[in-house]
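**Q** Take this structure first; my questions come after.
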Amino acid sequence: MHGMIELDGLTRRYGRTTAVDGLTLTVRPGRVTGFLGPNGAGKSTTLRMVLGLTTPTSGTVTVAGVRFRDLARGLRHAGALLDAGDVHAGRSARAHLTALARGNGIGSRRADEVLGLVGLDDAANRRVGRFSLGMRQRLGIAAALLGDPPVLMFDEPFNGLDPEGVRWVRELFRRLAAEGRTVFVSSHLMGEVEHCADHLVVIGRGRLIADESLNDFAARAGRAEVVLRTPESAALTSALVDVGADVRPDADGALAVSGVDAERIGDLALGLRIPLHQLTTRTASLEEAFMALTAADVEYAARRTR
């Protein structure tokens, strides 16, 4: 069960607008890859091209080395949740999944299996039109899992889920990746991506900005800082400045220090017999890193009020 998503110079234009601009990257199995970008960055268009729903203007995209539209019984090769609302409201959850299974050569029993997996056993015979958004999301995830595929893609899978549902989705994605599957997750909820992704692909205005591990992405967005507390802040600040550190006030009387690491600060304070009540290293969050690296690629930026 191995499948990679490979993009090579993938481009999509709509008239004078370039939605996706020469994307080249590989989404690998065995890890959760977060797919991030500001609104209008081209994420949904990219996912649609992977699935053959939108035709590239130029470039190629393959799933396990083959164009998705050339794969017979596609749900056995790749499953996707792109729009949780794209379901016939008058059908029951079981009927919806059974129809998908039949069209892909999958036994009807599998529909009940995935309904159980996503926690919709008791709602299997209810009409989808009466489902909440969170229940529709679960049904969409069930449809993606229907063919037990090696490649899975999810667009905004956390929308409408309660905290228990969000935790369940995180754990599901990690488990699927641990089974050797390729898991590609697009979301604007940075905190949720931070909790489940191992790797990040970030685009802006259709172009690749980053393709690296979560830790590497956060690290290059800004310098790590050391937060410390001491009853002798003036003396320690002076000593830190003397060794080239940058020191600024932080919350609740603490100091934020950059330019030297925590070990050096601890040794310096010990030599001067200055007590330390806190000494911790703080790195940029995923949201802070994302905002810093995509600031120039935001299509609709709010004006600052004076």
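The values are calculated or read from the model by the stated rules, or taken from the named source; none is laboratory data. This structure is a prediction, so every number in the text was calculated from the model and none was measured. In this analysis, Cβ positions are derived from the backbone assuming ideal geometry, glycine residues included, and neighbour counts consider all displayed protein chains.
**Q** Could you count how many residues in segment 72-90 are surrounded by fewer than 16 Cβ atoms within 10 Å (Cβ to Cβ) and free of Cβ contacts under 8 Å to residues at least 60 places away in the same chain?
**A** Counting residues in segment 72-90 that are surrounded by fewer than 16 Cβ atoms within 10 Å (Cβ to Cβ) and free of Cβ contacts under 8 Å to residues at least 60 places away in the same chain gives 6.
**Q** So, one more: Restricting attention to segment 76-102, which residues are more than 24 Å from Val183 (Cβ to Cβ) and either in a helix (DSSP H, G or I) or basic (Lys, Arg) (or both)?
**A** Within segment 76-102, Arg91, Arg94, Ala95, Thr98, Ala99, Arg102 qualify.
**Q** Given the structure, is Thr55 under 18 Å from Val201 (Cβ atoms) and surrounded by fewer than 16 Cβ atoms within 10 Å (Cβ to Cβ)?
**A** Here the answer is no, as Thr55 does not meet what is asked.
**Q** Could you check Leu115 against (1) over 23 Å from Thr182 (Cα atoms); (2) in contact (Cβ under 8 Å) with a residue 24 or more places away in the chain and say which number it fails?
**A** (1)
**Q** Pull up segment 9-41, narrow it to residues that are within 13 Å of His188 (Cα to Cα) and buried (at least 19 other Cβ atoms within 10 Å of the Cβ), then point me to the one that is farthest from the chain's Cα centre (by Cα).
**A** Ala41
**Q** How many residues are in a helix (DSSP H, G or I) and under 16 Å from Leu81 (Cα atoms) when one looks only at segment 118-144?
**A** 13
**Q** Out of the residues in segment 261-288 meeting the condition of being β-branched (Val, Ile, Thr) and either at pLDDT 90 or above or in a helix (DSSP H, G or I) (or both), tell me which one is farthest from His188 (Cα to Cα).
**A** Here the residue is Ile274.
**Q** Next up: Enumerate the pairs (first residue in segment 131-160 and within 13 Å of Leu172 (Cα to Cα); second residue anywhere and acidic (Asp, Glu)) with beta-carbon separation below 7 Å, excluding pairs fewer than 6 apart on the same chain, so at least 6 apart or on different chains.
**A** Partner pairs satisfying both residue conditions: Phe158/Glu192.
**Q** May I ask you to list the residues in segment 172-199 that are at pLDDT 95 or above, part of a helix (DSSP H, G or I) and not basic (Lys, Arg)?
**A** Scanning segment 172-199 gives Leu172, Phe173, Leu176, Ala177, Ala178.
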